[in-house]
1. Return the distance in nm (one decimal) between the two label points of a simple spin-label model at residue 28 and residue 81, each offset 7 Å from Cα along Cα→Cβ.
2. No solvent, one uniform scatterer per C-alpha: report log10 I(q)/I(0) for region 42-90 via the Debye equation at q = 0.15, 0.24, 0.27, 0.32 1/Å, two decimals.
3. Return the Cα extents of region 1-137 along principal axes one, two and three, sorted largest first, each rounded to a whole Å.
4. Could you compute how fast region 102-244 diffuses translationally, taking Rh as the Kirkwood radius over C-alpha pairs and applying Stokes-Einstein at 37 °C with viscosity 0.692 mPa s? Give it in µm² per second.
5. Return the Rg/Rh value of region 165-246, two decimal places, where both radii are evaluated on C-alpha atoms and Rh is the Kirkwood radius.
6. Calculate the tail of P(r) for region 74-165: the fraction of all Cα-Cα distances greater than 23 Å, expressed in %.
7. Out of the DSSP beta bridges found with both residues in region 164-323, what percent are antiparallel (nearest 5)?
8. Taking R0 as 41 Å, what FRET efficiency do you get between residue 236 and residue 140 from their Cβ-Cβ distance, rounded to the nearest 0.05?
């Protein structure tokens, strides 16, 4: 059993692990932020103390992701699920159609929202075989009058991830990066719009980050309610209404932690090391553990696997729970096990899980 007061080995898919140092800083500042005698939660979003936090979070994200000057960084509410609708509301006009690459449950949900709002089509799909792979770039077929092409960069449920992004030429590329943003370096300028719910790699739930090219923003539908227009957030620095101030404060602390680790390149190297611990056990287990994703499509963020039979799986999940491992049950649509190893999951937690998997195989093979 886990000792009382000891941190859990947190492999939750989201809300997910936060860096201990960021949580400790928040704890130290909780009652008195910056000598103001108030918590950051009690500050006005119009006041200089909160506004400094807000702007620091934006500046840090721009620095860490090398976001070009012609992009806006916005803080929106409603999670990625609201983005599924906001994207077509803003960028799918009559006479155009939106292309979606299907790589899992979240792609399906995004596509379903677009279909309610305009013409949408499937540009490529990996559904056959239950999303074990990412479609090859040559499989993506963009049709005429395509307003944008939408991808989901990492698929939490199925444990697959894009390792190279499509070059869409004149067609704007949009990505849901909720579960792998900040986990590896990439060229932001390839994308017209990126969105990410914060609760996996950026901070706690309650805020969604949107990174949008200004030229693309200018094409957006202007005939929408204020809170459904990206332009509203861009014009008012995401302060049109009261933003989720505490969530944004936590995003700032998490971004400071990423910078302290050596930035995104250093984080990526550590993510590769963490994922390798588990994939090596799966590959060397002679079928005791079976990975869901094809090796070339494997995610660094979500390792999905099954055991040889369901009784063993149940036994494994019961044992790990008793030993302080949290969140290792697979999603109901895939079953089995899933270890979500976002940026803030420590290497030590992944090593402990690797050791447990090896010991369990030895005892039960």
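1. 3.7 nm
2. -0.59, -0.97, -0.98, -1.05
3. Principal-axis extents of the Cα atoms in region 1-137, largest first: 55, 47, 28 Å.
4. Answer from the Stokes-Einstein relation: 201 µm²/s.
5. Rg/Rh: 0.98.
6. 22 percent
7. 75 percent
8. 0.70
Where a number appears in this text, it was derived from the coordinates with a stated rule and is not lab data. Keep in mind it's a predicted model, so treat the numbers as computed, not measured. Please note: Cβ atoms are built from the backbone with ideal geometry, for glycine as well, and neighbour counts cover all protein chains shown.
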